[in-house]
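Novice: Sharing a structure with you now.
The values are calculated or read from the model by the stated rules, or taken from the named source; none is laboratory data. Note that this is a predicted model, so its numbers are computed, not measured. Here the Cβ positions follow ideal geometry from the backbone for every residue, glycine too, while neighbour counts run over all protein chains shown. To get the accessible areas, we keep the full protein, side chains included, count just its heavy atoms, and leave off ligands, DNA and RNA. Shrake-Rupley method; radii C 1.70, N 1.55, O 1.52, S 1.80 Å.
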Amino acid sequence: MRVYIVLLGPPGAGKGTQAKIISDALGLPHVSSGDIFRENLKNQTDLGALAKRYMDRGELVPDDVTVAMIRDRLTREDCGMGALLDGFPRTPVQAEVLDEMLVQLQGKVVAVPYINVPENVLVDRLGGRWTCQAQGHVYHEKHNPSKVPGVCDIDGSSLYQREDDKSETVKRRIRVYLEQTSPLIDFYRKQGKLIEIDGTQAIDRVSSGLLDALPRIEN
Ligand code: AMP
């Protein structure tokens, strides 16, 4: 059976950073809906152009587009054991669709780590966030600066500030999260899958806490 882990948390909770660590540790591919949209944007595809209209405003890309994109990604060969999902599902409707999709793929969501960070901390974090051009590695000018300013420690590419990490958009993204995504916390808690972790701790404390709490995955 394929196993899927859904990473939950508000924008700025450190999902992308933790997803990379967990995905390496568990040997499950990191599937980030936001990264796929950004990749399409970079490659100037039709999907990228459509997504940009919503992303720049901090709003959600319509479900039909997002679901088709995720379905395509999850049926690729590298997802044969399952995947670590970051940024999808983002609404209860998407969560229902995911469950249906996973029935077809003969898999299921086994655990849902929820990285909890209070709202005031999020605004501060997102404001100082810089992302690497090449692979999306994330830095923070105060809390996790790159060794050389403006340059990614890992692949040497230049860092940029995401359009949607700018102030007004950040506030809208947090509001959209509270209204549309946070109901998923209860959705998965009721299923006994939620693993809540304090996301204000240092990055390595969060990841070791998460890895300790996650079920063992045989592959
Ligand atoms: P993220 O990198 O996860 O913060 O995503 C960046 C942006 O991509 C979001 O603000 C949305 O505009 C869009 N996006 C990512 N995932 C989804 C999703 N599951 N449903 C709708 N829009 C999404």
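Novice: Taking the chain as a Gaussian network, Cα atoms linked when under 10 Å apart, which of 28, 122, 105 shows the biggest mean-square fluctuation?
Specialist: Ranking 28, 122, 105 by mean-square fluctuation puts 105 first.
Novice: Quantify how much of the Cα-Cα distance distribution of the chain extends past 22 Å, in percent.
Specialist: Across the chain, Cα pairs with separations above 22 Å total 49 percent.
Novice: When DSSP beta bridges are limited to those with both residues in the chain, what percentage is antiparallel, rounded to the nearest 5?
Specialist: That works out to approximately 30 percent antiparallel.
Novice: Let me ask something else. Quick one, can you get me the convex hull of the C-alpha atoms of the range 1-62 expressed as volume per residue in Å³?
Specialist: Cα convex hull per residue, to the nearest whole number: 119 Å³.
Novice: With +1 on each Lys and Arg Cβ and -1 on each Asp and Glu Cβ, how big is the dipole of the range 44-96 about its Cα centre, in debye rounded to the nearest 20?
Specialist: With Lys and Arg at +1 and Asp and Glu at -1, about 120 debye.
Novice: Taking H placed 1.01 Å from N in the peptide plane, check which residues at least 5 places from residue 2 or on another chain put their amide H under 5 Å from its amide H.
Specialist: Here the answer is 107, 108, since their amide H atoms fall under 5 Å of that of residue 2.
Novice: Follow-up. Dipole size in debye (nearest 20) for the chain around its Cα centre, Lys and Arg Cβ +1, Asp and Glu Cβ -1?
Specialist: The calculation lands at about 240 debye.
Novice: Something else now. Keeping every protein chain present and rolling a 1.4 Å probe, give me the accessible area per residue for the chain in Å².
Specialist: 50
Novice: If you don't mind, there's one more thing I want to ask. Pull up all non-local amide H partners of residue 151: gap of 5 or more, or a different chain, and H-to-H distance under 5 Å with H placed in the peptide plane.
Specialist: Hits under the 5 Å cutoff: 159.
Novice: If amide H atoms are built 1.01 Å from N in the plane of the peptide, which residues on other chains or at least 5 residues away come under 5 Å of the amide H of residue 8?
Specialist: The list, which skips near neighbours in sequence, is 114, 115.
Novice: Another one. Rounded to the nearest percent, how much of the accessible area of the chain (1.4 Å probe, protein heavy atoms only) is carbon and sulfur?
Specialist: 50
Novice: Next up: Between residue 153 and residue 190, 0.36 nm times their residue separation minus their Cα-Cα distance comes to what?
Specialist: 9.3 nm
Novice: If you don't mind, there's one more thing I want to ask. Percent relative contact order of the chain, based on C-alpha pairs within less than 8 angstrom and at least six residues apart?
Specialist: That works out to 30 percent.
Novice: Which listed residue (5, 65, 182) has the Cα farthest towards the positive end of the charge dipole for the chain, taking +1 on Lys and Arg C-beta and -1 on Asp and Glu C-beta about the Cα centre?
Specialist: Among 5, 65, 182, the one farthest towards the positive end of the dipole of the chain is 182.
Novice: Scale the Cα Rg of the range 154-219 by the rule-of-thumb value 2.2 N^0.38 Å and send over the ratio, two decimals.
Specialist: Dividing the Cα radius of gyration by 2.2 N^0.38 Å gives 1.52.
Novice: Once fully extended, how much extra length lies between residue 143 and residue 76, figured as 0.36 nm per residue of separation less the alpha-carbon to alpha-carbon distance?
Specialist: Gain on extension, residue 143 to residue 76, equals 20.5 nm.
Novice: While we're on this one: Picking from 11, 29, 62, which is most flexible by a Gaussian network model of the chain using Cα springs under 10 Å?
Specialist: Its mean-square fluctuation being the largest, the pick is 62.
Novice: Under 15 Å Cα to Cα from residue 108, which aspartates and glutamates show up? Leave out anything in the same chain fewer than 8 places away.
Specialist: 96, 99, 100, 218
Novice: From the residues 145, 31, 102, which one has its Cα farthest along the dipole of the chain in the positive direction, the dipole being from +1 and -1 charges on Cβ of Lys/Arg and Asp/Glu about the Cα centre?
Specialist: Highest projection toward the positive end goes to 145.
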